[in-house]
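**Q** Have a look at the structure that comes next, please.
The values are calculated or read from the model by the stated rules, or taken from the named source; none is laboratory data. These numbers come from a predicted model, not from an experiment. Note that we place each Cβ from the backbone using ideal geometry, even for glycine, and neighbour counts take in every protein chain shown.
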Amino acid sequence: MAKNSVLKVDDISVSYGPVKALRHISLEVNQGEIVALIGANGAGKSTLLETVLGIHHVDSGTIRFMGEDITRTPTDRIVASGICLIPEGRGILSLMTVLENLQLGAYHLEADINQYLGRVSHHFPVLGERSKQMAGTLSGGEQQMLSIGRGLMSAPKLMMMDEPSLGLSPVLVAELFKIIVDLNKEGYTILLSEQNARKALACAHRGYVFEIGSIVLSGTAQELASDPRVHQAYLGG
C-alpha cells in the first residue's frame, strides 16, 4: 500500500458556540486506504468530515490535503481540489433527474464529463437506465447509489462517506460495502464514517474510534476489531 499522505489532520479543535465539538483531533489518510471512523451518533465523526470540507471553522490546528494547507480554504475550492463528501441522508435533489444530479457533481470540471458518466454507469447500471427519472422516486438503495455516483462525478482524490449504510436493508448494506471495496481496489482513497462498526472494520485498512469529540483509540482494522473495548462498545460483546 502506498504511504503518500492524502489527508493529514493535526490537532484540530472545533466549537459550536460554547460547546467543543472536536477536541485535539489528529489523524491521517494515506493514498489507497480505506480509513474508518467509528463511534456512536454524536461522537463527532460527521463534524470532522464537514470540517475537512471547510463547512466548520477550525479553532486551532491544521488540515493538509495532498500536502497543501486547506484549514481555512473555502469549501468550493476544497471540492475543486479533489475532496468529495457523500453526506449522511444522501443529500440528493429529489425534484431533479438522476442525470441532473450526476451533472451537478461535476460542475467544477472543465473536461468532458461523459467519461465520468460512463464510470458511474459501470458501477451503478441502474442509474444509467433511469437517467431521466426524478431522483426522488428512486428507492433508498438507489438514492444512496446516486449519492455515491454524484461523488464519483467530481473525479475525487479523496472520497468521504458519512453513514452510507444508514436506513438500508441488510442485503443492501452488504452490497454497499462491496461497492466501497471495489472502488478502493480501483484506486479511490476513502474516509468512511460509519456506525456499523463491524462492516466498516471488515472493509477498512485502519480506523479511529471517536467518543464525545475525541479520538480514544486508533490502529489497524484488525487491531480495533479484536480490541475488547471496541468489541464491547460497538461489536455487540
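**Q** What number of residues within the range 22-43 satisfy the criterion of being part of a loop (DSSP other than H, G, I, E, B) and either at pLDDT 95 or above or β-branched (V, I, T) (or both)?
**A** Summing the residues that are part of a loop (DSSP other than H, G, I, E, B) and either at pLDDT 95 or above or β-branched (V, I, T) (or both) in the range 22-43 gives 3.
**Q** In this structure, does L176 turn out to be over 27 Å from M96 (Cα atoms) and not polar (S, T, N, Q)?
**A** No, not satisfied.
**Q** Checking the conditions here, which among A40, A80 is more than 23 Å from H108 (Cα to Cα) and not basic (K, R)?
**A** Every option except A40 fails the conditions.
**Q** Using beta carbons and a limit of 8 Å, which pairs, at least six apart or on different chains, have the first residue in the range 210-229 and closer than 28 Å to V58 by Cβ and the second one assigned to a strand (DSSP E or B) and aromatic (F, W, Y)?
**A** I215/Y208; V216/F210; L217/Y208; S218/Y208
**Q** Out of contact with any helix residue (DSSP H, G or I) (no Cβ under 6 Å at 6 or more places or on another chain) and either within 23 Å of G44 (Cα to Cα) or modelled with pLDDT under 95 (or both): does that describe M161?
**A** yes
**Q** Please specify each residue of the range 81-115 satisfying the condition of being touching a Pro at 6+ places or on another chain (Cβ under 9 Å) and among the charged types (D, E, K, R).
**A** Answer for the range 81-115, where residues must be touching a Pro at 6+ places or on another chain (Cβ under 9 Å) and among the charged types (D, E, K, R): E88, R90.
**Q** Select, from T97, T71, T75, the only residue that is in contact with a strand residue (DSSP E or B) (Cβ under 7 Å, 6 or more places away or on another chain), among the polar types (S, T, N, Q) and under 30 Å from S26 (Cα atoms).
**A** T71
**Q** Right, something else. Can you tell me which of G136, G167 is within 17 Å of the chain's Cα centre (by Cα), of a type outside the set (S, T, Y), over 25 Å from G32 (Cα atoms) and surrounded by fewer than 18 Cβ atoms within 10 Å (Cβ to Cβ)?
**A** G167
**Q** Using the structure shown, decide if L48 is closer than 25 Å to S147 by Cβ and touching a Phe, Trp or Tyr at 6+ places or on another chain (Cβ under 9 Å).
**A** Spelling it out, L48 is indeed closer than 25 Å to S147 by Cβ and touching a Phe, Trp or Tyr at 6+ places or on another chain (Cβ under 9 Å).
**Q** Given (1) of a type outside the set (K, R); (2) touching a helix residue (DSSP H, G or I) at 6+ places or on another chain (Cβ under 8 Å); (3) part of a helix (DSSP H, G or I); (4) surrounded by 18 or more Cβ atoms within 10 Å (Cβ to Cβ), identify the lone condition not met by S147.
**A** Condition not satisfied by S147: (2).
**Q** Given the criteria on the phi < 0 side of the Ramachandran plot, part of a loop (DSSP other than H, G, I, E, B), under 20 Å from the mean Cα position of the chain (by Cα) and at pLDDT 90 or above, does T62 qualify?
**A** no
**Q** Go over the candidates I92, I63, I78, I70 one by one and state the one that is buried (at least 16 other Cβ atoms within 10 Å of the Cβ), closer than 26 Å to E142 by Cβ and touching a residue at least 12 places away in the same chain (Cβ under 8 Å).
**A** Every option except I92 fails the conditions.
**Q** Any residue at all in the range 193-209 that is over 18 Å from the mean Cα position of the chain (by Cα) and at negative phi?
**A** no
**Q** Considering the range 1-41 alone, what residues qualify as being within 13 Å of T62 (Cα to Cα), without any contact (Cβ under 8 Å) to a residue 60 or more places away in the chain and of a type outside the set (A, V, I, L, M)?
**A** Those that are within 13 Å of T62 (Cα to Cα), without any contact (Cβ under 8 Å) to a residue 60 or more places away in the chain and of a type outside the set (A, V, I, L, M): K8, D10, D11, S13, E28.
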